Amino acid sequence: MNKVHKVGIIGGGVSGVVTALELSKYGIDNVLFEQENSVVNGPPFCHLHAGGNLYPDISDEQCRILMKQSIEMARLFPQSIDERPTFISIPKTQKYSVENIQSRLDMLVDYYKSLIAEDALNEILGEPDQYYKTYSEEDLKELSGKSSVQNPSTPDQWLINAINLIDYKKLKTPIIIVQEYGWNMFRLTAQAQLALNKAENCDLKINTKVLDIKDLRDQDLDYNWEIHTEKEIYKVKYLVNSCGFKTGEIDDSLHINSERLIEFKAAYVSKWQPIEGLIPELIFHGERGTPGGMVQLTPYSGDYYQIHGMTKEITLFKDGLIHSNENEAQPKFNEDINQKLFQGWEKVDVISRTENAIHSVSHFVPSFKTATVGGPPLFGAQQIPGDDETLRVGEVSFPHESYARSEIVKASSALTVANQIIDKIQEENIVSIIENRTNKNALLDAISKDEIDELAAELTIERGYPKAMSRLIIERE
Ligand SMILES: Cc1cc2nc3c(=O)[nH]c(=O)nc-3n(C[C@H](O)[C@H](O)[C@H](O)COP(=O)(O)OP(=O)(O)OC[C@H]3O[C@@H](n4cnc5c(N)ncnc54)[C@H](O)[C@@H]3O)c2cc1C
């Protein structure tokens, strides 16, 4: 009880752990509380949104931010990045226009070039002029039927492997191959956990739920907050709320009114027969929440595939997206969703929703109908600050002195949030000015691939998923 920590972070999701690791690398002592038995165990992620191309409706500015933040995170966690591209298509039945997506891609190529001009090491999505490639109907006719390539390396080879499986007559042309990569959550978790174990300045408290917070800012003490857990009380100068979809609970306990949405979603794990050659992630765009909502097939190692389908029968849920109200900052899910979030899924729901997901893919990839349930769903609830449900870049806010509230919408925003918090604690004189700020993190860099392979496999099995999902489809050195 006697020690005063400079920073107390509640919530060990990707935002909390990146903040803890960034503070630690500058020697700023912090205590990180996670109620579960391992970090980054909440809502999943599988896609590095380096350009926002899964969202035809978002602004160019959000696309640029997602690209920049994704590159920064990929540089921190290279062993979790699966360097396979994404196949983007629009079914003929859908309203979106390929031309709009294409003009945005041109803007992104220029932006990517400017990021590389700032720092050559930002070139992690391949050469900028190869960031995307389009394929007309003629191109598709010419390429389809060519032999699949076991380990594709060019956009044409990735396209051939995909188009040999897809009923492309259902799709508008051109079709796009873009360098948006996969992001393996199990591997990021392993690297973060190993780095936290070695971080002398971070006191990591897993299995430790924060029950209450006392605001002592007006008491002229050498600390501002007391963080109460079941066994102990911790004193901290600066408080970071990175509780994910539970961020509103802390706001409520501090009587801070704030507006947010929270959303429960799930993706499904399927197993397919071995196919000839690796395929890119497949996107068939569609209007969210309608029966033709976007279908996303994400390849994993070992013939496992993760599926999202943006309909209420697959990824989305009835009453799955809810708002805070003027009396409560924390929205509350209904019984059915709470059951899935906290108690587990009924087997019948796992089977029926995974089968719906497989069916939605087989509409475009007919041979995928032989896929079967490959594991439990990857699910969770996430936060969206404010009331705009289309927002894809959420960051951090500072509602009061000595208090930061992180509300990221995509995992890629975690480093930006950490940097903004570090700016703020300098401004508030919690720490003195740090010279030579850098995005490099020696604690993360010190973790080897072998260590990540081993812990990622352990965590994946412990969480009930096939061990193969802890590997990248394209192994990195
Ligand atoms: C189905 C689905 C698919 C997604 N796919 C992608 C994707 O492909 N790419 C992408 O970038 N993003 C994706 N996202 C979004 C991404 O998962 C989230 O943006 C990100 O995980 C949020 O991280 P966080 O650290 O803010 O919150 P969380 O990961 O929710 O972390 C909050 C942590 O706080 C802990 N906590 C809460 N209250 C307390 C307390 N009182 N005491 C102690 N601990 C507490 C929780 O246990 C949790 O571990 C997806 C989300 C979903 C639901």
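Numbers at a glance
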read-out	value
Residue within the stretch 367-384 that is without any contact (Cβ under 8 Å) to a residue 24 or more places away in the chain and away from the ligand (no atom under 16 Å from the Cβ) present	yes
Residue list for the stretch 251-270, restricted to those being closer than 26 Å to residue 297 by Cβ, of a type in the set (Lys, Arg) and more than 10 Å from the ligand (Cβ to nearest atom)	none
Criterion (open to solvent by 20 Å² or more (accessible area, probe 1.4 Å), closer than 26 Å to residue 463 by Cβ and away from the ligand (no atom under 16 Å from the Cβ)) met by exactly one of 326, 355	355
Residues within the stretch 417-451 that are in contact with a Ser or Thr (Cβ under 8 Å, 6 or more places away or on another chain) and aliphatic (A, V, I, L, M), tallied	5
Options 319, 387, 336: the member that is farther than 20 Å from residue 460 by Cβ, open to solvent by 20 Å² or more (accessible area, probe 1.4 Å) and assigned to a helix (DSSP H, G or I)	336
Residue count, the stretch 412-443 (criterion: within 16 Å of the ligand (Cβ to nearest atom) and out of contact with any strand residue (DSSP E or B) (no Cβ under 7 Å at 6 or more places or on another chain))	7
Hits in the stretch 271-286 - residues which are outside any loop (DSSP other than H, G, I, E, B) and either not hydrophobic (A, V, I, L, M, F, W, C) or not assigned by TED's automatic domain parsing to the domain that holds residue 359 (or both)	271, 281
Qualifying residues in the stretch 452-466 (those that are touching a helix residue (DSSP H, G or I) at 6+ places or on another chain (Cβ under 6 Å), surrounded by 16 or more Cβ atoms within 10 Å (Cβ to Cβ) and of a type outside the set (Gly, Ala, Ser)) - the one farthest from residue 5 (Cα to Cα)	460
Test: residue in the stretch 419-442 that is open to solvent by less than 50 Å² (accessible area, probe 1.4 Å) and hydroxyl-bearing (Ser, Thr, Tyr)	no
Residue among 91, 78 that is open to solvent by 10 Å² or more (accessible area, probe 1.4 Å) and assigned by TED's automatic domain parsing to the domain that holds residue 286	78
Those helices (runs of 4 or more DSSP H) lying entirely in the stretch 1-118 with at least 3 residues within 16 Å of the ligand (Cβ to nearest atom) and at pLDDT 95 or above	14-25, 60-76
Number of the exception - residue 238 against (1) away from the ligand (no atom under 12 Å from the Cβ); (2) open to solvent by 20 Å² or more (accessible area, probe 1.4 Å)	(2)
Residue in the stretch 444-452 that is in a loop (DSSP other than H, G, I, E, B), touching a residue at least 40 places away in the same chain (Cβ under 8 Å) and away from the ligand (no atom under 16 Å from the Cβ) present	yes
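The values are calculated or read from the model by the stated rules, or taken from the named source; none is laboratory data. Just so it is clear, the model here is predicted, and its values are computed rather than measured. Methodologically, a virtual Cβ is constructed for each residue, glycine included, from the backbone with ideal geometry; neighbour enumeration extends over all protein chains shown. Calculation scope for accessible area: heavy atoms of the full protein, side chains included, ligands and nucleic acids excluded. Shrake-Rupley method; radii C 1.70, N 1.55, O 1.52, S 1.80 Å.
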